[in-house]
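Single-structure report; data block below.
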Amino acid sequence: MVTLQNIRAAQTLLEGIAVRTPLFQWTSTSDQRKLYLKLENLQPVGAFKLRGAYNKVASLTDEERRRGVISYSSGNHAQGVAYAARALGVKAIIVMPGNAPKNKLEATAALGAEIVTVGPGSEERRLRAEELAAEHGYAIVPPYNDEKIIAGQGTVGLEILADLPNVETVLVPVGGGGLISGVAAAIKLNNPDVKVIGVEPELAADAQASLRAGRIVSFPAAQVSQTLADGLRTQSIGAINFEHIRAYVDDIVSVTEGEIREAVRVLSANPQTLAEPSGAVAPAAFMFHADELPKTKINVTVISGGNIDPMLLAELRKSQK
């Protein structure tokens, strides 16, 4: 399990690398339920993933870095690893699904990473990365099931507590579980009274099913690949992540595709709060699922990323719920 010391060490390491993103007050002062948005869309790679990726790559031995790193991702972790590898002078290979958004594929390549494409399944890209690592000796930088990754993502939680000490509930998107593992650990180890709620698309609500069942539940690739939230199309959460979720997360709720679309559209009205679908799931839960959330006044939702395809954004802005 990741400790508070691990997360604080990651925070020190990330100074000057990751942006200390602001909290943006979304609701008006007259609203009883106040919402602040944690703007991880303002990171250099447009998403929180840089935090964990850099913490992991920086922790590798000189020998491991000389051999190069490999990772697997639907997009944002790919950019985080590519950015970290370039900053540290390390060769990076990323296994990505062929149906990843074009803007994420291009951004990863522009950062100097070599891209290997496979089918849409999250397990498929993980297995291919492991094969290539065994063949070439690359060090694997997992997207979520790793303590260094979790500690890096946990720095988001430390920043929330520092900027809003009276926060009562924090809503965090869940894909493989790296972000919520770190944020929940950082928050609960500082203040156990703060509620931490995960949010997933209904089509990929495997973490919710796992928490309910008390064991890791896997969803089929054909189902999870249908959600608009491409960054959350994981078929199951990691084993290390599940332990953190069971220890520190109060509940996980799910949102519909229509709710995700509407949240993206509403958030896009301000360039600062522009969110990709994966980054909009937590605000969507606040907007549409108040009855499933703690009855708290001071709330934060994490906008985990803003790397939305411009054509998709144009389409969503034209449409109404």
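The values are calculated or read from the model by the stated rules, or taken from the named source; none is laboratory data. Note that the structure is a prediction, hence the values are computed from the model and not measured. Don't worry about glycine lacking a Cβ; one is built from the backbone with ideal geometry, like all the others, and counts go over all protein chains shown.
Among the candidates ILE150, ILE115, which residue alone is under 23 Å from PRO173 (Cβ atoms) and at pLDDT 95 or above? Result: ILE150 is the single residue among ILE150, ILE115 that is under 23 Å from PRO173 (Cβ atoms) and at pLDDT 95 or above.
If I ask for residues that are in a helix (DSSP H, G or I) and surrounded by 15 or more Cβ atoms within 10 Å (Cβ to Cβ), which ones from the stretch 104-122 would you list? Within the stretch 104-122, LYS104, LEU105, ALA107, THR108, ALA109, SER122 meet the criteria.
Scanning the stretch 123-154 for residues that are assigned to a strand (DSSP E or B) and within 20 Å of the chain's Cα centre (by Cα) turns up just one, ILE140. Counting only helices (runs of 4 or more DSSP H) that sit wholly inside the stretch 250-321, those with at least 2 residues that are among the charged types (D, E, K, R) and over 17 Å from the mean Cα position of the chain (by Cα) are 257-267, 310-318.
The residue pairs whose first member lies in the stretch 244-271 and is farther than 25 Å from GLY157 by Cβ, whose second member is among the β-branched types (Val, Ile, Thr), and whose beta carbons are closer than 7 Å, counting only pairs six or more residues apart or on different chains, are GLU257/THR227. What helices (runs of 4 or more DSSP H) lie completely within the stretch 1-100 and have 1 or more residues being β-branched (Val, Ile, Thr) and closer than 30 Å to ARG128 by Cβ? The helices (runs of 4 or more DSSP H) meeting that bar are 49-59, 76-87.
Checking each residue in the stretch 143-159 for being over 18 Å from ARG246 (Cβ atoms) and surrounded by fewer than 24 Cβ atoms within 10 Å (Cβ to Cβ) picks out LYS148, LEU158, GLU159. Across the stretch 26-54, the qualifying residues are those that are under 19 Å from GLY112 (Cα atoms) and not small (Gly, Ala, Ser), and the one among them that is surrounded by the most Cβ atoms within 10 Å (Cβ to Cβ) is LYS49.
Scanning the stretch 169-219 for residues that are surrounded by fewer than 18 Cβ atoms within 10 Å (Cβ to Cβ) and either in contact with a strand residue (DSSP E or B) (Cβ under 6 Å, 6 or more places away or on another chain) or at pLDDT below 95 (or both) returns a single hit, GLU202.
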